[in-house]
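Have a look at the structure below before the remarks.
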Amino acid sequence: MSTRNLHTPIEYLKGVGPSRADLLRKELGIRTLADLVNFFPNRYIDRTRFFKINQLQQNSAEVQVIGRITHIKTVKQKRGSRLVATFTDETGTMELVWFRGVKWIKDALKVNVPYVAFGKVSLFGHTFNMPHPELELVAEYKKSLQSAMQPVYPSTENLTNKGVTNRAVVKMMQSLFIETKGTFQETLSSELLDKLQLVSKSKALFHIHFPENQQALTKAQQRLKFEELFFIQLQLIRKKLIHKARIKGFVFETIGNGFNSFYTNHLPFELTNAQKRVVKEIRKDMMTGAQMNRLLQGDVGSGKTIVGLLAMLIALDNGFQASLMAPTEILAKQHYNAICELLEGLDIQIGLLTGSTKVKERKVLHEGLEDGSLHILIGTHALIEDKVQFKNLGLAIIDEQHRFGVAQRAKLWMKNTLPPHILVMTATPIPRTLAMSVYGDLDISVIDELPPGRKEIKTAHRYDSNRLSVFKFMKEEIAKGRQVYVVYPLIQESQKLDFKDLMDGYESIVREFPTPKYQVSIVHGKMKPADKEFELNRFLKQETQIMVATTVIEVGVNIPNASVMIIESAERFGLSQLHQLRGRVGRGAEQSFCILMTSFKLTHDAKKRLDTMVSTNDGFEIAEVDLKLRGPGDLMGTQQSGVLNLRIADIVKDASILKRAREEAILLLKSDPNLADERNKHIQLTYQEISKNRAIWANIS
Ligand code: ADP
Ligand code: MG
């Protein structure tokens with residue numbers, strides 16, 4: 001069957017018709033035969049296995065039971081009635097129950113004839129009951145060939161209610177395979193199929209719907225997963241190559257005086273190997289003649305600022321200006337101060353532009369930017385919102401703690417004739433698989449090494465019942481002159497209860513740590529800003545030793561003398577939040593500690609989060625576990641879900657297939673950038689189809 005025929009609307013398929021077609025479109029987004037054949041089962045059940053009634057268990061998946069109906073009754077209930085059939089085999093008795101279509105079903109049921117009942121069971125009192133079973137006479141059942149692996153398709157309540165059961169979908173799929181003779185257009189080249197030992201498209205589609213055995217199914221899945229990931233990678237990498245070819249950038253050939261003299265005379269420490277590597281990557285990128293579009297990832301404290309500064313110095317050496325944009329005014333000021341200090345004694349002019357920069361100062365800044373006498377501009381959003389005109393902006397750095405939108409990034413370089421090079425710095429570790437799929441069109445540099453001398457924060461998990469020993473530990477650390485954070489969760493939904501926990505906790509700490517020997521601060525969202533600031537200052541000045549707070553992240557201060565972080569109800573925090581909270585300590589020279597307090601009741605996921613925190617300080621490792629626990633959609637928000645809305649592949653579980661798909665996509669585009677080679681015809685056609693109609697990735701959910 002040609003591709004064109006697969007575009008046939010679903011209603012022309014045998015057994016579908018206009019009203020079912022409408023339902024399939026609304027509920028599952030299935031419009032054409034192509035949509036249907038690409039609608040994959042989410043699992044398979046063994047229909048050769050039968051259960052005896054005394055083998056049934058609560059919460060098991062669907063089961064098959066052979067038995068006879070011995071008795072049928074209609075039970076009146078608040079609205080309408082339900083039909084209950086007593087179903088028995090030689091080991092016991094259960095009930096089949098219907099809430100809908102009672103009259104019609106009652107007439108169709110036969111008493112004392114063997115049936116196969118198929119469905120989910122649940123226990124009511126001592127009796128198992130199977131609501132809305134699929135029933136088939138054993139005689140009929142034996143006639144139809146049952147495969148060991150029967151597909152189970154995703155469904156919705158509306159579909160089931162309107163009679164489009166799993167069995168109906170299977171029948172449709174059978175008709176489709178009969179009408180198309182089961183032949184489908186190949187989408188990969190025979191070279192790739194051979195090299196990776198993948199089964200053909202037709203074979204894969206047949207076995208994904210009607211697998212003969214586990215091995216055939218695995219082969220089908222591998223092929224379809226590879227294909228799905230391969231075409232996404234092809235799109236991402238192609239986009240990157242086109243960008244590189246089309247978007248010309250300034251060529252920074254010179255490594256001049258500014259860079260060299262700073263590097264040899266002013267660098268306050270030796271760069272880590274990771275920093276050196278990244279500086280080289282950036283330098284190379286800015287020499288190619290294409291615009292740099294690079295993401296720099298590194299955990300908090302890994303030293304991204306100095307790398308950014310070195311990149312700016314290269315821009316300056318080549319006669320260009322540079323800018324650095326931060327998400328908040330505080331951070332912009334912090335960057336400004338740090339960079340002014342680092343560049344002291346060098347003939348470089350630096351400006352700061354934020355929302356609160358006075359009109360008069362703004363005018364001076366504008367003039368300096370336009371005539372080129374101001375070399376580096378640091379600021380907030382004001383930088384792109386303001387009517388700033390650079391003489392020649394060569395490099396724009398974005399410190400992306402809180403993610404600027406892509407639109408804003410574009411705006412930043414649209415001002416110029418040639419776009420400046422772009423470097424985005426982010427402190428959120430993005431797992432490799434996710435980076436490959438979501439940011440596959442960007443170049444990525446990673447600082448995966450902390451500057452030397454940092455002590456690992458020691459992390460422990462303690463149960464609430466060990467509180468006394470935790471108090472004792474706090475006292476020992478305070479006696480050494482350290483300070484302690486105690487953080488409580490404050491989740492929107494349970495705010496009242498959380499607030500009570502916080503106050504109870506505060507009171508017990510005050511009791512345990514009495515004045516005048518100890519002073520305890522408390523900061524939470526219900527306090528007036530002035531009161532918060534007052535308490536914070538007391539803690540900063542070391543007038544108090546303990547800071548009880550909801551989320552210290554809100555507070556956002558850097559207090560190097562605080563070296564103990566106690567997180568209450570730690571099981572209620574997400575992994576990235578725990579990692580961020582822990583990052584509040586470990587900023588000074590002293591050994592720091594993080595103690596995760598929980599009750600005994602822990603879910604499997606919570607236990608995994610705690611174990612991860614205890615076993616590692618590595619933000620990337622933590623992000624990987626987070627990805628596994630929460631799934632990619634949750635981690636990235638809905639923004640990028642287009643790329644992550646996968647039909648069959650899973651970027652976590654299929655990481656190795658993803659890696660392979662990316663490698664093959666890169667190889668292919670290297671040898672045949674426009675997919676013009678006759679041997680890649682199938683790939684080219686599919687690629688075109690996908691690019692034309694991105695909706696092909698839209699999921700069914
Ligand atoms: P982040 O990546 O979180 O932005 P920063 O750039 O603020 O990290 O660096 C954190 C601290 O580490 C700063 O005080 C900085 O001076 C210091 N630092 C950066 N690189 C090194 C290094 N190679 N050796 C020692 N200290 C370093
Ligand atoms: Mg930083």
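From least to most packed, judged by other beta carbons within 10 angstrom and beginning with the fewest, Lys532, Lys76 follow the order Lys76, Lys532. Computed on region 287-404, with alpha-carbon pairs under 8 angstrom and 6+ residues apart, the relative contact order is 36 percent. When each of the peptides 320-326, 49-55 is scored by how many other beta carbons lie within 10 Å of its residues on average, the order from highest to lowest is 320-326, 49-55. For Leu353, the residues whose modelled amide H falls within less than 5 Å of its own, excluding neighbours fewer than 5 places apart on the same chain, are Ile378, Gly379, Thr380. Note on region 196-257: Lys pairs 8 or more places apart or on different chains, Cα atoms under 21 Å apart, count 6.
Spacing of the modelled spin labels on Arg49 and Leu602, each 7 Å from Cα toward Cβ, amounts to 3.2 nm. A full extension of the chain between Gln334 and Leu241 corresponds to an added length of 29.8 nm, given 0.36 nm per residue minus the alpha carbon distance. The fewest-to-most ranking of Glu212, Glu27 by surrounding Cβ atoms within 10 Å reads Glu212, Glu27. Amide H contacts of Met425 (H built 1.01 Å from N, in plane; Pro and chain starts excluded): Leu296, Ile398, Asp399, Glu400 sit under 5 Å, all sequence-distant by 5 or more or on other chains. Using the Karplus relation 6.51 cos²θ - 1.76 cosθ + 1.60 with θ = phi - 60°, the per-residue 3J(HN,Hα) values for region 221-238 come to 4, 4, 5, 6, 5, 4, 4, 4, 5, 4, 6, 5, 4, 4, 5, 5, 6, 4 Hz, with x marking Gly and Pro. Its relative contact order, with pairs defined as Cα atoms under 8 Å and 6+ residues apart, puts the chain at 12 percent. Within straight-line reach of Lys517, meaning a Cα separation under 12 Å, sit the following aspartates and glutamates at least 8 residues removed in sequence or on another chain: Glu543. With the cut-off at 1.5 for a/c, could you classify region 209-250 from its C-alpha gyration tensor as rounded, prolate or oblate? It is prolate, given that a/c is not under 1.5 and a/b is the larger ratio. To the nearest Å, what is the center-to-center distance of region 110-153 and region 655-691, using C-alpha atoms only? So the two Cα centres are separated by 46 Å. Gain on full extension, evaluated as 0.36 nm per residue between Leu137 and Gln214 minus their Cα-Cα distance, stands at 24.9 nm.
Residue ranges 512-520, 281-289 sort as 281-289, 512-520 when ordered by packing (mean number of other C-beta atoms within 10 Å per residue, highest first). Which whole number in µm²/s is D for region 164-239 by Stokes-Einstein, with the Kirkwood Rh taken over Cα pairs at 37 °C and 0.692 mPa s? D = 240 µm²/s. In order along region 12-23, the phi-based Karplus estimate (6.51 cos²θ - 1.76 cosθ + 1.60, θ = phi - 60°) of 3J(HN,Hα) comes to 7, 6, 4, x, 9, x, x, 6, 5, 4, 4, 5 Hz; Gly and Pro are listed as x. Here the mean projected area of the convex hull built on the C-alpha positions of region 1-84 is 9.9 nm². Here's the list of lysines a cross-link from Lys363 could span, going by alpha-carbon distance under 24 Å and ignoring same-chain residues fewer than 8 apart: Lys333, Lys387, Lys391, Lys411, Lys415.
Share of pairwise Cα-Cα distances greater than 47 Å in the chain is 39 percent (whole percent). Can you give the % of DSSP beta bridges in the chain that are antiparallel, to the nearest 5? Antiparallel bridges: around 40 percent, rounded to the nearest 5. A simple rule links phi to the HN-Hα coupling: the Karplus curve 6.51 cos²θ - 1.76 cosθ + 1.60 with θ = phi - 60°, which for region 343-351 gives 9, 4, x, 9, 7, 10, 9, 10, x Hz, with x for Gly and Pro. Averaging the sequence gap over all C-alpha pairs within less than 8 Å and six or more residues apart, then dividing by the number of residues, gives region 266-354 a relative contact order of 27 percent.
Just how far, in whole angstrom, is region 515-585 from region 323-356 if you go by their alpha carbon centroids? Computed from Cα coordinates, the inter-centre distance equals 27 Å. Partner aspartates and glutamates whose Cα lies under 13 Å from the Cα of Lys601, excluding those fewer than 8 positions away in the same chain, are identified as Asp464, Glu571. The H on the amide N of Phe184, modeled in the peptide plane, is under 5 Å from the matching H of Ser202, each at least 5 residues off or on a different chain. For region 30-152, rounded, prolate or oblate, judged on the Cα gyration tensor with a ≥ b ≥ c (square roots of eigenvalues), a/c < 1.5 rounded, else prolate if a/b > b/c? The shape class here is prolate.
Highest mean packing first, where packing is the average number of other Cβ atoms within 10 Å per residue, the peptides 228-236, 128-136, 301-309 line up as 228-236, 301-309, 128-136.
Rule-based calculations on the coordinates, nothing more; no lab input. Since the structure is predicted, the reported quantities are computational estimates derived from the model, not experimental observations. Neighbour counts are summed over all protein chains in view; Cβ atoms, including those assigned to glycine, are modelled from backbone coordinates with ideal geometry.
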